[in-house]
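**Student:** If you scroll down you'll find the structure; I have some questions about it.
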Amino acid sequence: MSDVEADTDESSGRVYSPKAEHSFPDEKLNAVLEFVENDPEIQTYLEAQNVNAVARKGYNDHGSKHISIVRHRALCLYDLLKRAGVEFNGATQQGLEEADEAVIVALAATLHDIGHVVHRDDHSYYSIPLASDELDRILPEFYTKPECVRVKGEVLHAILCHHTEEIPLTKEAGVVRIADGLDMESGRSRMPYERGGRGINTISSQAIENVALSEGDDHAVLVEIEMNSAAGVYQVDNLLKAKLQGSMLESDIRIVAVQATSNGDELVERIEL
């Protein structure tokens, strides 16, 4: 990625930069991120979890690239919400510090799909024991034993709630849930599409050109989605809408999707959530 591309991604709420100024204490988060990104066991899991999802089931990418996108967008979303004064409850109710909110978000985003190594179906449930083992390695590097237990519980809660009927009970979990749905651009569906996949998830992903996060006028966060055809409505109105509902952040996030090009398909020009 060039410096120009990196700057563009940062300004459009797509990339979390440890060197930038943030609206929350970020020192602990940045140390945890450095550990995770250089840990060979975690990185192997992120590669291995894509085998069942893509090679065997033909789903969209759920490996290292997906995890990177979700974690970046989760942290950018969290940053924007904090900037607007949105109060989070997960870490606070556990007696943890504000700095631990971002750690919970980042670790849950990193490990939320690890259960794919067992099976794509019901993967969020398989993610719990596997993520638990990884957290037992990671957290003692940064926390005391009592803190480890509390942070671990919050991370596992967010993982469980990202893709199941379980409703998030914390805004940290809500951020991870929504960020998972924000990875919807055409690049994510490239692998199954090139292999002949033509399911609704793949076709609709091909219709999404760009997703950008920014400060909203009447909401804490504005999510702007550019589509090249009406097929993208499935991603927005079916998948992302389901992620937003019950996230505890519905009143803080405005989602606007616009058909960016004219190609004879004028069924949808603009939808809002």
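**Student:** Can you tell me how many residues in region 54-101 are in a helix (DSSP H, G or I) and not small (Gly, Ala, Ser)? Walk me through it before giving the result.
**Tutor:** Residues of region 54-101 in a helix (DSSP H, G or I): 54-56, 64-83, 90-93, 99-101.
Okay, now just the ones that are also not small (Gly, Ala, Ser), so 54, 56, 65-67, 69-73, 75-83, 92-93, 100-101.
The total comes to 23.
**Student:** Can I ask one more? Checking Leu81 against (1) modelled with pLDDT of 95 or more; (2) out of contact with any strand residue (DSSP E or B) (no Cβ under 9 Å at 6 or more places or on another chain); (3) open to solvent by less than 10 Å² (accessible area, probe 1.4 Å): exactly one of these is not met. Which one?
**Tutor:** (2)
**Student:** Next question, about the same structure. Among (1) open to solvent by 70 Å² or more (accessible area, probe 1.4 Å); (2) at pLDDT below 95; (3) within 20 Å of Cys76 (Cα to Cα), which single condition is Glu269 missing?
**Tutor:** (3)
**Student:** In region 102-138, what count of residues is obtained for those that are open to solvent by 10 Å² or more (accessible area, probe 1.4 Å) and of a type in the set (Asp, Glu)? If you could, list the steps in order and put the result at the bottom.
**Tutor:** Within region 102-138, the subset open to solvent by 10 Å² or more (accessible area, probe 1.4 Å) is 117-122, 125-126, 128-130, 132-133, 136-137.
From the residues that got through so far, the ones that are of a type in the set (Asp, Glu) too are 121-122, 133, 136.
Looking only at that region, the number is 4.
**Student:** Can I ask one more? Taking only region 201-229 into account, find how many residues are within 16 Å of Glu272 (Cβ to Cβ), touching a residue at least 12 places away in the same chain (Cβ under 8 Å) and open to solvent by 20 Å² or more (accessible area, probe 1.4 Å).
**Tutor:** Total meeting the criteria: 7.
**Student:** May I pose another question? Val51: aliphatic (A, V, I, L, M), open to solvent by 20 Å² or more (accessible area, probe 1.4 Å), assigned to a loop (DSSP other than H, G, I, E, B) and in contact (Cβ under 8 Å) with a residue 40 or more places away in the chain, yes or no?
**Tutor:** Numbers: aliphatic (A, V, I, L, M): yes; open to solvent by 20 Å² or more (accessible area, probe 1.4 Å): yes; assigned to a loop (DSSP other than H, G, I, E, B): no; in contact (Cβ under 8 Å) with a residue 40 or more places away in the chain: yes.
Answer is no for this residue.
**Student:** Let me spell it out: the conditions are (1) over 18 Å from His66 (Cβ atoms); (2) outside any loop (DSSP other than H, G, I, E, B); (3) modelled with pLDDT under 75, and Glu172 meets all of them except one. Which number is the exception?
**Tutor:** (3)
**Student:** Of all residues being within 15 Å of Val103 (Cα to Cα), without any contact (Cβ under 8 Å) to a residue 24 or more places away in the chain and of a type outside the set (A, V, I, L, M, F, W, C) in region 139-166, which is surrounded by the fewest Cβ atoms within 10 Å (Cβ to Cβ)? Just the residue, please. Even if it seems obvious, please write down each step before you answer.
**Tutor:** Our first condition is that a residue be within 15 Å of Val103 (Cα to Cα); within region 139-166, this holds for 139-144, 147-159.
Restricting the remaining residues to those that are without any contact (Cβ under 8 Å) to a residue 24 or more places away in the chain gives 139-140, 143-144, 148-149, 152.
Okay, now just the ones that are also of a type outside the set (A, V, I, L, M, F, W, C), so 140, 143-144, 152.
Numbers: Pro140: 12, Tyr143: 19, Thr144: 9, Lys152: 19.
Among residues in region 139-166 that are within 15 Å of Val103 (Cα to Cα), without any contact (Cβ under 8 Å) to a residue 24 or more places away in the chain and of a type outside the set (A, V, I, L, M, F, W, C), the one surrounded by the fewest Cβ atoms within 10 Å (Cβ to Cβ) is Thr144.
The values are calculated or read from the model by the stated rules, or taken from the named source; none is laboratory data. Since this is a predicted model, take the numbers as computed values, not measurements. Quick reminder, even Gly has a Cβ in these numbers, built from the backbone with ideal geometry, and neighbours come from all protein chains shown. Surface accessibility is based on the protein's heavy atoms, side chains included, excluding ligands, DNA and RNA. Shrake-Rupley method; radii C 1.70, N 1.55, O 1.52, S 1.80 Å.
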